[in-house]
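Mind having a look at this structure? Questions to follow.
The values are calculated or read from the model by the stated rules, or taken from the named source; none is laboratory data. None of the values given here were measured: they were computed from a predicted structure. Here the Cβ is made from the backbone with ideal geometry for all residues, glycine too, and neighbour counts use every protein chain on show. The area values use the complete protein model at the heavy-atom level, side chains included, leaving out ligands, DNA and RNA. Shrake-Rupley method; radii C 1.70, N 1.55, O 1.52, S 1.80 Å.
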Amino acid sequence: MTKKELAIAKRNQKYNCAQAVACSFSEEIGVDEAVLFKACEGFGSGMGCLECTCGALSGAVMLAGFRQSDGNLEDPSTKAKTYQYTKQMVQAFQSKAGSTSCKELKGIETGKVLHSCPDCIMDCVEIVQEVLGL
């Protein structure tokens, strides 16, 4: 099963979009899937059903931190690289989907769907693979 297929299967198991993306890479980043599931729970439907930033993109950005951060609480030295990865991912997603807003992607106000949730999930999986090398 590909990562895209795995992420869609998780979405079909009632994971939200952020959970579907992040949990699909639990082995690669060495974080228990249950921890990722819990951490991503509030990002569903554009952050708690507010239809803000796409949940799939939020899950991808969370992976950037897990992949890159040195976790040094006293003197963190990895923020710049994590921000660089985040910027690349957000820009790539914006380019593919036409927006980063859940409301715009779903066409809530316009009636015109720019990008479906499954498409957002699959694009974010691809972006994680490309940018983070997972």
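Where does each of 60-69, 103-112 land if you order them by average Cβ count within 10 Å, highest first?
60-69, 103-112
Any idea what the dipole of the chain comes to, in debye rounded to 20, about its Cα centre with Lys/Arg Cβ at +1 and Asp/Glu Cβ at -1?
340 debye
Using the Karplus curve 6.51 cos²θ - 1.76 cosθ + 1.60 with θ = phi - 60°, what ³J(HN,Hα) values do you get for each residue of the stretch 72-86, in whole Hz, with x for Gly and Pro?
Here the 3J(HN,Hα) series is 7, 6, 7, 8, x, 10, 10, 4, 4, 5, 4, 5, 5, 4, 4 Hz.
What distance in nm separates the simple spin-label points at E33 and K87, each placed 7 Å from Cα in the Cβ direction?
3.5 nm
Would you mind computing, in nm to one decimal, how far apart the modelled labels at E109 and L73 are, each placed 7 Å from Cα along Cα→Cβ?
Between E109 and L73, the label points sit 4.2 nm apart.
Here's something else I'd like to know. Which one of C102, M122, T82 has its Cα pushed farthest toward the positive end of the charge dipole of the stretch 78-134, where Lys and Arg give +1 and Asp and Glu give -1 at the Cβ?
Towards the positive end, the residue furthest out is T82.
May I ask you to list the residues of the stretch 34-72 whose amide nitrogen lies under 15 Å from a point 7 Å from Cα along the Cα→beta-carbon direction of K96?
Once the point is set 7 Å along Cα→Cβ of K96, 54-64 turn out to lie under 15 Å by backbone N, inside the stretch 34-72.
How large is the accessible surface per residue of the stretch 18-134, computed with a 1.4 Å probe and reported in Å² as a whole number? Present the calculation step by step, with values, prior to reporting the outcome.
Working: 6000 Å² over 117 residues.
Result: 51 Å² of accessible area for each residue.
Which order do the peptides 87-100, 115-128 take when ranked by the mean count of other beta-carbon atoms within 10 Å per residue, highest first?
115-128, 87-100
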